[in-house]
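J.: Mind looking over this structure? Questions follow.
Here, each number is a calculation from the coordinates, and none is a lab measurement. Not measured: the values here are computed from a predicted model. As a convention, Cβ positions derive from the backbone with ideal geometry for all residues, glycine included, and neighbour counts pool all protein chains shown.
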Amino acid sequence: MQRGRVTPAVRTKFQVVALLMREEHARVKVAQTTEAHRAEQLKRLDGVATILAKTAVRDSGLLALLADDAPVSSATRTLKREMLEQIGVETEAEPEPAAPVVAAPAAERAVVPQSVVSRQLANPFLAPDFSTPRPAQARPRRLAGWELIGPLLTSFERAGGGAPACMKLPFPSSLRAPGGLELMVHQAQLVAAAQGGQRTFLLADEPGLGKTAQALLAAQAADAYPLLVVVPNVVKTNWAREAGRWTPHKRATVIHGNGENADGFADIVVVNYEVLDRHVGWLGDFGFRGMVVDEAHFIKNKSSQRSQHVLELSHRIRTRHADALFMALTGTPLINDIEDFRAIWQFLGWIDDAQPRAALMDSLEDIGLTPADPGFARAARQAVVDLGIVRRRKVDVASDIPARRVADLPVELDGAAGRSIRKAEQELARRLVHRYETALANRDSVDEVVGIDTALVHRVARSEQKEASGTKAGENVFTMMRRIGQAKAGLAADYAAQLARSAGKVVFFAKHVDVMDAAEETFDRLGVRYSSIRGDQTPGVRQKNIDAFVEDPDVAVAVCSLTAAGVGLNLQVASNIVLAELSWTDAEQTQAIDRSHRIGQTEPVTAWRIIAAQTIDARIAELIDSKAGLAARALDGSDEETGSSADVQFEALVSLLTDALREKHPA
């Protein structure tokens, strides 16, 4: 549960533990033993039951598995039998339950809210309109047989200085929005483009430039109702609020869980990625004329379930309405690699799995070049941009937003915790050196290695990273960073409290729940009032805590989860941010900072990054900063050089091993 989303495998393990605990409890109660021994065993089993209950309250699906009549799946029966056999307990084969008469496995969790059924019965003429003529398919000639997706992606990675990052947008005729609200020029430009017929947008404005308002007003300008909005769970309540603000004449509904309280007659349907598997069936048949995907970098992994559902819905909407509106919103479309573009482009209908679709193919044909010709990359990049990439930076379109800066605060980890962390880092370095030297000694080649074998260093680091990301016990780069975060928690919270007393409200970001817990204990001890914003909160509780921080002058600190609160929040009431733990990407760090550095901010924003000196923490901070150029180069046409697209964890291990080898074998 602490490591992230609950997968089907985790649910299976959870139910097996619950079943074994229940059976053992019944066995102990009737076992021939002393009362003292029985009481001790039952006490231990009650402890297990308490752990299960505390874990289950975070997820309603797990809570249901604790019921006496909870259905037991075939996977659960198999795993239970295997676990018992592994500890030497003989088991009898359990009869499999009769196969239920249901749809295919993919539809196991499928639901249709009653309000949606009522809508269909009330107006059967809301069926999708298939009469809209579809554009003619491109008939490639010169480019037939060329592999084009790779060169298109590469054209962004190789963008030279001054390469356009934004399609040409019309100048707006008005800056007024419904309810007397006023738009900024860059916002009104996108709305004007939608009004003029543009139907696909990769809206990649820097965070804080009002992408939500632009999307809602673009849908209104394009009459793209009903509109489907797919968002992270943590921001869906905020989307409903913003819809009420910017498009007050359109009804919005939010899908929670199975959608029992959803409004089937709404104009705007907001659903989060996590429950798409339950609703993808009826959503695909609802008759949407527009689809917005917020934080679109969430779908970069095309093999993930969320990406597959989003792509399926976009395909079904597109086949029914050739003029449908599609918008992908993300301030950080590139996290680690230029390949992050691929799923977003497919959602927008610019490409399919193998090649560009008709509109993009026609544009590439018009260029008159092939990927082998000089100048193709720049022209091809422009062809993609013209399909609907909209990228504006704060410095260019919102000069009234004050500056921001990241200030590093090195802290010394004293005492037992600091010594333990430094010892663990030394042990990790020694283990890497041992693996390197063992591999070097066992290689077949007799050629003498002069200096450090860089290729071998990379192989050792990759192997270590793979093992660390699994279930391997012992110290690794992930456990070390967590321990460093725990050791920094009190120091970071103490600094945040000082800031709150001297400079006003502070946003405190941490990555792990135990670091947040430790920080909140410090605030309690110091008498500092705070709001807690976490991923396991219900939308109502979360919004209540956000409102308390924004509106109550006595609430000085917002303690936020870096992953759960790093998107979709407006916290511009604070101009000081404390980053108690490092992210693994510059994009995640930037998202967090931009909760405060956005439209509405009147003070310069400072992010105070707490760095544990003389540890791997400082090394990783440098690596994060070195990778910050990818988006600037690919999207903004910057000349800034970028490093490898390999992830920070890998590069940190390479750096650690290289330094250890140099120290052991100085030149």
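J.: Order by neighbour count: 247, 606, 50, fewest other Cβ atoms within 10 Å first, most last.
T.: Numbers: 247 22, 606 19, 50 10.
Least crowded to most crowded, the residues run 50, 606, 247.
J.: In what order do 185, 648 fall by count of nearby beta-carbon atoms within 10 Å, going from fewest to most? Could you put the intermediate results ahead of the total?
T.: Numbers: 185 13, 648 22.
Listed from fewest to most nearby Cβ atoms, that is 185, 648.
J.: Oh, and also: Could you list 575, 115, 303 so that the one with the fewest beta carbons within 10 Å of its beta carbon is first and the one with the most is last?
T.: Numbers: 575 22, 115 17, 303 7.
Ordered by Cβ neighbours within 10 Å, fewest first: 303, 115, 575.
J.: Follow-up question, since we're still on this one. Using Cα centres only, tell me the gap between region 533-604 and region 219-277 in whole Å.
T.: 22 Å
J.: While we're looking at this one, here's another question. Of the listed pairs 488/511; 423/664; 13/236; 211/300; 300/394, which have alpha-carbon separations greater than 21 Å here? Could the numbers behind the result be given before it?
T.: Numbers: 488/511 12 Å; 423/664 17 Å; 13/236 30 Å; 211/300 19 Å; 300/394 25 Å.
13/236; 300/394, as the Cα separations exceed 21 Å there.
J.: Now a separate question. Treat every Asp and Glu Cβ in region 488-645 as -1 and every Lys and Arg Cβ as +1, leave all other atoms uncharged, and give the resulting dipole magnitude about the Cα centre to the nearest 20 debye.
T.: Values: 15 positive and 23 negative charges, 47 e Å.
The dipole magnitude comes to about 220 debye.
J.: Now for a separate question. Say the dipole of region 8-86 comes from +1 at the beta carbon of Lys and Arg and -1 at that of Asp and Glu; which of 86, 71, 45 then lies farthest toward its positive end?
T.: Of the options given, the answer is 86.
J.: What does the charge count near residue 408 come to, summing +1 for each Lys or Arg and -1 for each Asp or Glu among other residues with Cβ under 11 Å from its Cβ? All intermediate terms of the calculation are to be shown ahead of the outcome.
T.: On the way: positive: 405, 609; negative: 617, 622, 625.
With Lys, Arg at +1 and Asp, Glu at -1, the net is -1.
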